[in-house]
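Structure record follows, encoded as structure tokens.
The values are calculated or read from the model by the stated rules, or taken from the named source; none is laboratory data. Keep in mind it's a predicted model, so treat the numbers as computed, not measured. Cβ atoms come from the backbone with ideal geometry, glycine included; neighbour counts cover every protein chain shown. In case anyone asks, the SASA skips ligands and DNA or RNA and just uses the protein heavy atoms, side chains included. Shrake-Rupley method; radii C 1.70, N 1.55, O 1.52, S 1.80 Å.
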Number of protein chains: 2
Amino acid sequence: MAARIDPRTLKGFQDVLPAKALRRATLLRRLEDVFRAHGYAPIDTPSVELAEILKGKGGDETDKQLFEFTDAGERQVALRFDLTVPLARFVAQHQAELVFPFRRYAIGHVWRGERPQKGRLREFIQCDADLVGAVGPAADAEILVLMAAAYRALDVGAVTLRVNERRILNGLLERLAPGLAPSAVLRVLDKRDKQGADAVRTELATAGLAPEAAAALLEATAPGASPEATLARLSAAVRGSAVGEAGVQHLAEVRSLVLAAGVPAGVLQVDPTIARGLDYYTGVVMEARLEAMPSVGSVGSGGRYDDLAGLYTNTRLPGVGCSVGIDRLLVALEELEGGAGATSRSPAQVLLTHPEAGSPPEALAAVFALAERLRTAGIRVETYPEPRKHAAQMKYADRQGLAVAITRNADGTWHAKELATHATEALPHVEAVAAWMRARRA
Amino acid sequence: MAARIDPRTLKGFQDVLPAKALRRATLLRRLEDVFRAHGYAPIDTPSVELAEILKGKGGDETDKQLFEFTDAGERQVALRFDLTVPLARFVAQHQAELVFPFRRYAIGHVWRGERPQKGRLREFIQCDADLVGAVGPAADAEILVLMAAAYRALDVGAVTLRVNERRILNGLLERLAPGLAPSAVLRVLDKRDKQGADAVRTELATAGLAPEAAAALLEATAPGASPEATLARLSAAVRGSAVGEAGVQHLAEVRSLVLAAGVPAGVLQVDPTIARGLDYYTGVVMEARLEAMPSVGSVGSGGRYDDLAGLYTNTRLPGVGCSVGIDRLLVALEELEGGAGATSRSPAQVLLTHPEAGSPPEALAAVFALAERLRTAGIRVETYPEPRKHAAQMKYADRQGLAVAITRNADGTWHAKELATHATEALPHVEAVAAWMRARRA
């Protein structure tokens, strides 16, 4: 016996087995359909890029996570850690060939070289859509309409979109905390959901904010009774700050458009504590939350940026985009279902059994002909590939999670069996089988 | 001005722009639908694996091409170079969780570290389907039926499937070239298509084959008038070799089943020169060729193997599989179209223009409402995201390759314009627009 190699995967990397992969593929396809229904076209960029390209400015958190190595040509290269930096490089490089405003989606693997912690993957899928080269309420509203349509199509239960405007936060800080570094204050505010108002008040004081200012800031950013009430409160709080007033006005316009597109009022919530990507987003910011499981955190996010590709080109390219967290949604769905997960391991709807050993050759030919007939009718069919005992084939159908098994009788007629109920149906010929399967699905 | 980073990709890696990416995505989706219609479920395995796992036995051609590096944990790792080795590792590792016979498809990127030559990519997509844990004519025929269905669904013009049986070749060599290394003879025979019979005859002599044996071998493997005639000729040539006779018999049975499944007789050709993957395939082997462009070579291939995962487990897992060459098909399609390639850069069917600057807010709200109405009817819609001049928006629609642009009139009615003919249609309200679009598509 030759020495075997122990079959195993690297820490932080995962195999996806059929039942889960089927479910993920279904979600990804629905998502793609939504992206396309809104005019977003796919692009593809390399998984491996020059490290210099991916590192950009350098020195920040993502650089440390880069899966970096030296290739055979002694170049410093790395696996991409997101789809945004490659988009920026792509847009700068192909400016002349692209039509702006440019809408693209990308669904692809990304890699993080960090030490894997519990549940942290070093390879996972990102699903991004961006509208590059457009500013204004219509562009921002479009991304929110797209996100709402995405979660509806994914059919994962109620998802709310929490939206804010960075300029409102800037206005609030200008009015209530002049002289303090906005990023420090925002980082504290961001913890309100998890730590509560009191802890935040203490931290704001530590950051150097006077008690009255901290109280006003907390009041202005408190959860509101309704989006209208929240917007009115924010409007009052930023009065006198041009940037803050512009932010409130813009967010109100965006909200009207999203509602005009039929997004239910309850889906879109104004949440003045949402900040996201402090160094990156400059206008509207948004976060999607699964209402049945808020503990899973954001299942999608996005926002407006001023200058996508400034590292690679002098052309200023503002835009707005979002990312849908499919992997996190899958984890949440599995938890919600009590760990049961998806049950079917096969995309097929029916098993055609193989004639048992000793059957004449025309029996198997008839099975192949029926399979083709059913597939032509849009039915997904597995044929059992070997002449095993009928009972073993039925056990296989059961384990695969198939609903129906169809067998040819010695006289050339057929019978179908419902795996769940064991009910059987006699069917005289191929067309009767096709008609019965169609009726069963309807 | 900050120093810019020159935006560029690594040699051998490519960006895929919208028009081509749209087309590729369409082909991949059709292919997935065919895989699923035959009961194949997706799985996903990591892009990065331990080099030890991917190298397997070591020392052969693929090892040299491995994109190998040391990760942050000082492990020797590599990017996968195909989807078959990861499948073998996966099946060995998850044996207890999988149901056999096991059908899986995988569509994913693979990487080759070799020095990039003209047209050779270091990153490309593979599309594989395998049926593991089954032997016999039904299993082999299923893969051929699947391949035929795939090329039909891809709608790329006539594709022939050239099929052979390794055991027929073994029988021929047993009868005509006993004592010679089969691999040496097969490598020479494989060149017949490109170099012609005379060159092959000379090479066979160099390999040590007597002139009469070489002549008999060339005659037996010459292109036949029909699959029946070829099978009859091969049957005569291998008479007396048990393995050869079994091969001919098996191939004839497989062919009957493929024809029973409705694959046109002309699609399936018996070609005794096809050998493929000498160290790997042991039974049926197949190759797909695009008839309009044979020069592009094989656009898909496959075959039967005896022992998929022998490196990782003592369980013997025979199977049969195929790989569809989507990237090569795309190149061929572009050449056939005279380099024109796909023309539409957008998945959308219609542009809704943005009201020009100065329009009342309800105008834009009405556009958002119409977009939602059309999407609900299954129509893919782009809205122009900024209040630019109408002429600029129409130019955008043209460049995107959109067929129709729809604009709201000041009085709340709409008009549609066909971009190709400049014909316009007055439409009184949203429902009229929806009905007109539906009729236009029908």
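Could you check A:Phe35 against (1) open to solvent by 10 Å² or more (accessible area, probe 1.4 Å); (2) out of contact with any Gly (no Cβ under 9 Å at 6 or more places or on another chain); (3) of a type outside the set (Asp, Glu) and say which number it fails?
If we test A:Phe35 against (1) open to solvent by 10 Å² or more (accessible area, probe 1.4 Å); (2) out of contact with any Gly (no Cβ under 9 Å at 6 or more places or on another chain); (3) of a type outside the set (Asp, Glu), just (1) comes out false.
Take the range B:208-233 and flag every residue that is more than 31 Å from the chain's Cα centre (by Cα) and open to solvent by less than 40 Å² (accessible area, probe 1.4 Å). Walk me through how you get there before you give the answer.
Residues of the range B:208-233 more than 31 Å from the chain's Cα centre (by Cα): B:208-220, B:232-233.
Once the filter is applied, which keeps residues that are more than 31 Å from the chain's Cα centre (by Cα) and open to solvent by less than 40 Å² (accessible area, probe 1.4 Å), the range B:208-233 yields B:Leu209, B:Ala213, B:Ala214, B:Ala216, B:Leu217, B:Leu218, B:Ala220.
For the range A:52-74, check the following and say yes or no: at least one residue is under 29 Å from A:Gln400 (Cβ atoms) and of a type in the set (Lys, Arg).
For the range A:52-74, residues under 29 Å from A:Gln400 (Cβ atoms) and of a type in the set (Lys, Arg): absent.
Residue by residue, here is whether (1) modelled with pLDDT under 95; (2) among the acidic types (Asp, Glu); (3) at positive phi holds:
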{"site": "A:Asp190", "(1), (2), (3)": "yes, yes, no"}
{"site": "A:Asp198", "(1), (2), (3)": "yes, yes, no"}
{"site": "A:Glu212", "(1), (2), (3)": "yes, yes, no"}
{"site": "A:Leu218", "(1), (2), (3)": "yes, no, no"}
{"site": "A:Gly224", "(1), (2), (3)": "yes, no, no"}
{"site": "A:Ser241", "(1), (2), (3)": "no, no, no"}
{"site": "A:Asp271", "(1), (2), (3)": "yes, yes, no"}
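Listed residues B:Arg122, B:Arg112, B:Arg103; which is buried (at least 20 other Cβ atoms within 10 Å of the Cβ) and in contact with a Pro (Cβ under 7 Å, 6 or more places away or on another chain)? Before you say what the answer is, go through the steps one by one.
Values: B:Arg112 fails: in contact with a Pro (Cβ under 7 Å, 6 or more places away or on another chain); B:Arg103 fails: in contact with a Pro (Cβ under 7 Å, 6 or more places away or on another chain).
Selected residue: B:Arg122, the only one of B:Arg122, B:Arg112, B:Arg103 that is buried (at least 20 other Cβ atoms within 10 Å of the Cβ) and in contact with a Pro (Cβ under 7 Å, 6 or more places away or on another chain).
With the condition being more than 12 Å from chain A (Cβ to nearest Cβ) and free of Cβ contacts under 8 Å to residues at least 12 places away in the same chain, I'd like the helices (runs of 4 or more DSSP H) fully within the range B:331-442 carrying at least 2 qualifying residues. Break it down stepwise before answering.
Working: elements: B:361-376, B:390-400, B:430-441.
Once the helices (runs of 4 or more DSSP H) in the range B:331-442 are filtered for at least 2 residues that are more than 12 Å from chain A (Cβ to nearest Cβ) and free of Cβ contacts under 8 Å to residues at least 12 places away in the same chain, what remains is B:430-441.
Find the residue count for the range A:305-330, including only residues that are open to solvent by less than 20 Å² (accessible area, probe 1.4 Å) and within 14 Å of chain B (Cβ to nearest Cβ).
Looking only at that region, the number is 11.
Per-residue answers, yes or no, for (1) more than 34 Å from the chain's Cα centre (by Cα); (2) over 30 Å from A:Gly133 (Cα atoms):
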position: A:Ser323; (1), (2): no, no
position: A:Ile326; (1), (2): no, no
position: A:Ser344; (1), (2): no, yes
position: A:Gln349; (1), (2): no, yes
position: A:His354; (1), (2): yes, yes
position: A:Pro360; (1), (2): yes, yes
position: A:Ala371; (1), (2): yes, yes
position: A:Val381; (1), (2): no, yes
position: A:Tyr384; (1), (2): yes, yes
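Okay, residues lined up against (1) touching a strand residue (DSSP E or B) at 6+ places or on another chain (Cβ under 8 Å); (2) under 28 Å from A:Glu123 (Cβ atoms); (3) surrounded by 14 or more Cβ atoms within 10 Å (Cβ to Cβ):
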{"residue": "A:Ala369", "(1), (2), (3)": "no, no, yes"}
{"residue": "A:Lys395", "(1), (2), (3)": "no, no, no"}
{"residue": "A:Ala405", "(1), (2), (3)": "yes, no, yes"}
{"residue": "A:Arg408", "(1), (2), (3)": "yes, no, yes"}
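Looking for whichever is modelled with pLDDT of 95 or more, out of contact with any Asp or Glu (no Cβ under 7 Å at 6 or more places or on another chain) and farther than 30 Å from A:Ala348 by Cα here; the options are B:Glu49, B:Glu114, B:Glu68. Which one fits? Walk me through how you get there before you give the answer.
On the way: B:Glu114 fails: modelled with pLDDT of 95 or more; B:Glu68 fails: modelled with pLDDT of 95 or more.
One residue alone meets the criteria, B:Glu49.
What about B:Val248, is it touching an Asp or Glu at 6+ places or on another chain (Cβ under 9 Å), part of a helix (DSSP H, G or I) and surrounded by 22 or more Cβ atoms within 10 Å (Cβ to Cβ)?
Values: touching an Asp or Glu at 6+ places or on another chain (Cβ under 9 Å): yes; part of a helix (DSSP H, G or I): yes; surrounded by 22 or more Cβ atoms within 10 Å (Cβ to Cβ): yes.
Here the answer is yes, as B:Val248 does meet what is asked.
Output yes when any residue across the range B:417-426 is closer than 30 Å to B:Pro294 by Cα and modelled with pLDDT under 95, and no when none is. Please lay out each step first, then the result.
Our first condition is that a residue be closer than 30 Å to B:Pro294 by Cα; within the range B:417-426, this holds for none.
No, the conditions are met nowhere in the range B:417-426.
Which numbered condition trips up B:Ala265, out of (1) among the small types (Gly, Ala, Ser); (2) within 14 Å of another protein chain (Cβ to nearest Cβ); (3) open to solvent by 50 Å² or more (accessible area, probe 1.4 Å)?
Result: B:Ala265 passes all but (2).
Would you tally the residues in the range B:127-172 being closer than 30 Å to B:Arg239 by Cα, touching a Pro at 6+ places or on another chain (Cβ under 8 Å) and within 14 Å of chain A (Cβ to nearest Cβ)? Reasoning before the result, please.
Filtering the range B:127-172 for residues closer than 30 Å to B:Arg239 by Cα gives B:134-145, B:160-172.
Checking the rest, the ones that are also touching a Pro at 6+ places or on another chain (Cβ under 8 Å) come to B:134-136, B:138-139, B:142, B:164, B:168-170, B:172.
With within 14 Å of chain A (Cβ to nearest Cβ) added as a condition, the list becomes B:134-136, B:138-139, B:142.
The total comes to 6.
Part of a helix (DSSP H, G or I) and touching a residue at least 12 places away in the same chain (Cβ under 8 Å) - does that describe any residue in the range B:284-304? Can you show your working first?
Here is the first cut: in the range B:284-304, the residues part of a helix (DSSP H, G or I) are B:294-296.
Checking the rest, the ones that are also touching a residue at least 12 places away in the same chain (Cβ under 8 Å) come to B:296.
Yes, the conditions are met somewhere in the range B:284-304.
Per-residue answers, yes or no, for (1) crowded, with 18+ Cβ neighbours inside 10 Å; (2) more than 23 Å from B:Ile107 (Cβ to Cβ); (3) of a type in the set (Lys, Arg):
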position	(1), (2), (3)
B:Gly12	yes, no, no
B:Pro46	yes, no, no
B:Asp63	no, yes, no
B:Phe69	yes, yes, no
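State yes or no: is A:Ala177 crowded, with 21+ Cβ neighbours inside 10 Å, hydrophobic (A, V, I, L, M, F, W, C) and either at pLDDT 85 or above or over 12 Å from A:Pro272 (Cα atoms) (or both)? So that I can check it myself, show each step before the final result.
Values: crowded, with 21+ Cβ neighbours inside 10 Å: yes; hydrophobic (A, V, I, L, M, F, W, C): yes; either at pLDDT 85 or above or over 12 Å from A:Pro272 (Cα atoms) (or both): yes.
For A:Ala177, the condition - crowded, with 21+ Cβ neighbours inside 10 Å, hydrophobic (A, V, I, L, M, F, W, C) and either at pLDDT 85 or above or over 12 Å from A:Pro272 (Cα atoms) (or both) - is met.
Which of (1) in contact with a helix residue (DSSP H, G or I) (Cβ under 7 Å, 6 or more places away or on another chain); (2) crowded, with 21+ Cβ neighbours inside 10 Å; (3) at pLDDT below 95 is the odd one out, the single condition A:Pro42 does not satisfy?
(3)
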